[in-house]
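First up is the structure itself, then whatever we jot down about it.
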Amino acid sequence: MSERPEAADPRPEDNHDTFVEAAESRAESQSRHDEDDRLKPEFVSAVLDAVEAGDKDAARDLVSPLHPADIADLLELTPSDQRGEVAAALGDLVGAEVLSELNDYVRDDLLDALAPEQVAEFAAELDTDDAVAMIEDMEEADQQAVLDALDPEDRAAIESALSYPEESAGRLMQRDLVAVPEHMTVGQVIDYLRDMPDPTTNFWEIFVVDEAHKPIGTCQLSWILTCPRAIAMSDLMQREQTLIPVDMDQEEVALRFQKYALISAAVVDTNGRLVGMITVDDVVHIISEEAGEDILRLSGAGEGDINEPVLDSYKARVRWLLTNLITALVASTIIGIFEGTIQQMVALATLMPIVAGVGGNAGSQTMAVTVRALATNQITASNAKRTILREMRVAFLNGATVAIVLGIGVGLVFQNPHLGAVIAAAMVTNILTAGFAGAAVPLAFDRMNADPAVASSIFVTMITDSMGFLAFLGLATAAGLTG
């Protein structure tokens, strides 16, 4: 990693005053309580103009009132070729908190511009989970250089976290927590907290452990602060608690927090010993991240990050487009089989995209519901069959409604009741197929231990398009419709 680049020399003093005046007005307009909570384009331009002009003081005056998360937004809105210069001009305003809020790709760009010692300083200021998130994607040599620059205690904590699988509780957990033995009294716990040389600052509950450091209960801070000092922790603590295995996937962790309305939870190793805790602020981020991933995977768009390198986005998307091309040939082949029928009645070519299109939308609706239910553990082996039957009942009602409307409309427009009946029957058939496919395809991927959000849409679309054309053209051929 190279050193952070230096900005150009400051502008003359008279020009600095202009930027300072702008800073005062911009700072007011960019209050954290701004009604839309977004940085205005004028503000971003003012900061970039100050940096380009070489006036670091003006840029810092503009940015200093902002929250670290807003400074992270500013850097993400800055063109990639200017981020290093802007970060250098802002100096210590771009601290550890800002880096922890940054988009992964933007953070990696900035870290490349820092020396290992600087990265280590930032990592030491963060909670273990945030420090791990900052350095886990670095090149192995750069990562090792950062670890070598850390204090032994911080290095041991981060190396321990890095030893766990990605997106697991071990990567997500914090090691700064408060654990006390059950024989302590409330007063002793309060005195212990006050006398801690390096106190833990962000915690909502205290974990009670036995001699083997296994959690046996938990106690909220509010209970401790409102109870007499003489009460023993064993009498005050709540023995029932939700324990998180260190190797549990972060998505499952988020589901447990949601299901049991947790604020924090103890993380235990394979021997049941307390090794860390996970707090709800980390889980909120995971819920948002996982939801976004599922939406993007449904479309085959990869990570879908606007800061992702162009080649990475290309590789993530093109393979699913090529797969879609192959599946589209199936529908095209079916159309070719009924070429003679279409030539005899040109209206069929006009109407058949309607059957396929509405069926595709119906399949997408069912698929989205099923993927979400799988992600939230609402569907298991015990109710999978019942779920498919339910979706087919919904599909039948939808299909019947659409078919009646479409059949009457086509019969009146083309003055051909038989054509209206054929397209109505084809619509019911295709929407029923869509209901089945939209539920069964994601369930099949899940049963094969594949992510049901990744490619379900392509196969569901293939099924609904093919069945739509086959049902409509097949029924039209069987009915002997001609021009």
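The values are calculated or read from the model by the stated rules, or taken from the named source; none is laboratory data. Predicted model, so just to flag it, every value in this text is computed and none were measured. Glycine also receives a Cβ, built like all others from the backbone with ideal geometry; neighbour counts cover every protein chain displayed.
Candidates are the residues of the range 200-214 that are part of a loop (DSSP other than H, G, I, E, B) and either under 30 Å from the mean Cα position of the chain (by Cα) or under 20 Å from Val280 (Cβ atoms) (or both); the one that is modelled with the lowest pLDDT is Thr201.
Under the condition of being part of a loop (DSSP other than H, G, I, E, B) and either surrounded by 13 or more Cβ atoms within 10 Å (Cβ to Cβ) or not acidic (Asp, Glu) (or both), the residues counted in the range 221-246 number 11. Quick check on my filter: what residues within the range 94-135 are of a type in the set (S, T, N, Q) and under 19 Å from Leu66 (Cα atoms)? Hits for the range 94-135 are Ser100, Asn103. For the range 450-483, the set of residues classified as within 15 Å of Ile334 (Cα to Cα), surrounded by fewer than 24 Cβ atoms within 10 Å (Cβ to Cβ) and acidic (Asp, Glu) is empty.
For Glu252, the test of being assigned to a helix (DSSP H, G or I), under 21 Å from the mean Cα position of the chain (by Cα) and within 30 Å of Thr376 (Cα to Cα) is passed.
Of the residues making up the range 384-420, those that are of a type in the set (A, V, I, L, M, F, W, C), buried (at least 18 other Cβ atoms within 10 Å of the Cβ) and more than 41 Å from the chain's Cα centre (by Cα) number 2.
When the residues of the range 366-383 are filtered to those that are in contact with an Asp or Glu (Cβ under 9 Å, 6 or more places away or on another chain) and in a helix (DSSP H, G or I), which remaining residue is surrounded by the fewest Cβ atoms within 10 Å (Cβ to Cβ)? Among residues in the range 366-383 that are in contact with an Asp or Glu (Cβ under 9 Å, 6 or more places away or on another chain) and in a helix (DSSP H, G or I), the one surrounded by the fewest Cβ atoms within 10 Å (Cβ to Cβ) is Arg372. Number of residues in the range 205-234 that are without any contact (Cβ under 8 Å) to a residue 40 or more places away in the chain and closer than 21 Å to Ser264 by Cα equals 13. Only helices (runs of 4 or more DSSP H) whose full extent lies in the range 1-94 are considered here, and the ones with at least 3 residues that are at pLDDT 85 or above and closer than 30 Å to Glu140 by Cα are 68-77, 83-90.
With respect to Ala113, is the statement that it is crowded, with 21+ Cβ neighbours inside 10 Å, over 24 Å from Arg175 (Cα atoms) and of a type in the set (Gly, Ala, Ser) true? No: the conditions fail for Ala113.
Given the conditions (1) modelled with pLDDT under 85; (2) under 30 Å from Thr477 (Cβ atoms), report the number of the one that Val330 does not fulfil. That leaves (1) as the condition not met.
Here Leu412 passes the criteria (1) of a type in the set (A, V, I, L, M, F, W, C); (2) part of a helix (DSSP H, G or I); (3) touching a residue at least 40 places away in the same chain (Cβ under 8 Å) except the one numbered (3).
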